[in-house]
Amino acid sequence: MESADLIDKYTWAADVTRLEAGTMAVIDGRNLPDVLRIYGGDPDAPVGELTFAGVDEHRGPQLDHLDFYVQMFMHGECVVAIENNGYSGSFPEIARRCSADGGRFFSVYWNVNGFGLVTQGIDGVITARFETICPTAPEADPGERRPEWAIGPETDIAVVRQTCMAQLERQTGVAVEERWLRERLPTYSIPGPYGLYRDVPGAEQP
């Protein structure tokens, strides 16, 4: 499991008023246009450059549906994909496609309850998918994938988001920066993942 120092590094991630719900993903081995297309976006049609909070302002009231958006940029040789109140990056079929042909994909999804869903794909196979807050014994849930690096003491709910960010850094080598939430980043409209991959059998299964 992750060290206390690495977890403490992400204290800012515990701010649920700013990070109410969303997904952070890091993809290695695939270029940005390809990743965006897998998410269902058009590289030639950004909606603009928005801050993380600005995505919600752009979205406006959502009474009977949710409009999905992703912010995407290169960080070294990796693609970073950030969603405000979206979960495409936690969808297994997207993880499989982004990591196909020798690639790697890692995402963390959080919501208002503070739970952290981790999804990892390596070479087109889902190698990790589990709720960080749940018991960490192997195969605690028949629907989860929990590799050896995720087995250890049960995670304290007070640090579950920080722990997710620490796991992302440990597994990808990419340190998530708080400033990414303040900066204006290229933002794209995308469809919801269930609709996008509705014709793919088992798309939502790890």
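Of all residues in region 99-115, none are more than 22 Å from Ala203 (Cα to Cα) and modelled with pLDDT of 95 or more.
For region 1-27, a tally of residues being acidic (Asp, Glu) and touching a Ser or Thr at 6+ places or on another chain (Cβ under 7 Å) returns 1. Out of the strands (runs of 3 or more DSSP E) lying entirely within region 44-119, which hold 3 or more residues that are closer than 14 Å to Asp34 by Cα? Filter on region 44-119 gives 68-75, 78-84.
Restricting attention to region 141-169, which residues are part of a helix (DSSP H, G or I) and within 19 Å of Phe91 (Cα to Cα)? Explain how you work it out, then say what you get.
Going through region 141-169, the residues part of a helix (DSSP H, G or I) turn out to be 148-150, 157-169.
Listed by number, the residues that qualify are Arg161, Cys164, Met165, Gln167, Leu168.
Condition first: surrounded by 17 or more Cβ atoms within 10 Å (Cβ to Cβ) and of a type outside the set (A, V, I, L, M, F, W, C). Now tell me which residues in region 190-206 satisfy that. Can you show your working first?
Applying the first criterion (surrounded by 17 or more Cβ atoms within 10 Å (Cβ to Cβ)) to region 190-206 yields 190, 192-193, 196-197, 203, 206.
Across region 190-206, the qualifying residues are Gly192, Pro193, Tyr197, Pro206.
For region 156-176, the count of residues that are basic (Lys, Arg) and either in contact with a Leu (Cβ under 9 Å, 6 or more places away or on another chain) or surrounded by 12 or more Cβ atoms within 10 Å (Cβ to Cβ) (or both) is nonzero.
I need the full set of residues from region 170-206 which are aliphatic (A, V, I, L, M), within 24 Å of Ala128 (Cα to Cα) and in a helix (DSSP H, G or I), in order please. Walk me through how you get there before you give the answer.
Kept after step one, since they are aliphatic (A, V, I, L, M), are these residues of region 170-206: 174-176, 181, 185, 190, 196, 200, 203.
Those still in the list that are within 24 Å of Ala128 (Cα to Cα) too: 174-176, 196, 200, 203.
Result: Leu196, single match.
Looking across region 38-91, the residues that are in contact with a Gly (Cβ under 7 Å, 6 or more places away or on another chain) and among the aromatic types (Phe, Trp, Tyr) come down to Phe68, Tyr69. Checking Ala45, Ala21, Ala53, Ala25 one by one, the residue that is out of contact with any Leu (no Cβ under 9 Å at 6 or more places or on another chain), farther than 16 Å from Ser189 by Cβ and small (Gly, Ala, Ser) is Ala21 and no other.
Scan region 35-71 for residues that are in contact with a Pro (Cβ under 6 Å, 6 or more places away or on another chain) and aliphatic (A, V, I, L, M) and the total you get is 1.
Table: residues versus (1) free of Cβ contacts under 8 Å to residues at least 40 places away in the same chain; (2) surrounded by 22 or more Cβ atoms within 10 Å (Cβ to Cβ).
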position: Gly76; (1), (2): no, no
position: Ile82; (1), (2): no, yes
position: Phe91; (1), (2): no, yes
position: Arg97; (1), (2): no, yes
position: Ser107; (1), (2): no, yes
position: Val112; (1), (2): no, no
position: Gly116; (1), (2): no, yes
position: Gly121; (1), (2): yes, yes
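If you go through region 34-74 and keep only what is surrounded by fewer than 20 Cβ atoms within 10 Å (Cβ to Cβ), small (Gly, Ala, Ser) and in contact (Cβ under 8 Å) with a residue 40 or more places away in the chain, you end up with Gly40, Ala45, Gly48, Ala53, Gly54.
The values are calculated or read from the model by the stated rules, or taken from the named source; none is laboratory data. No experiment lies behind these values; they were computed from the predicted model shown. Backbone-built Cβ (ideal geometry, glycine too); neighbour counts: all protein chains shown.
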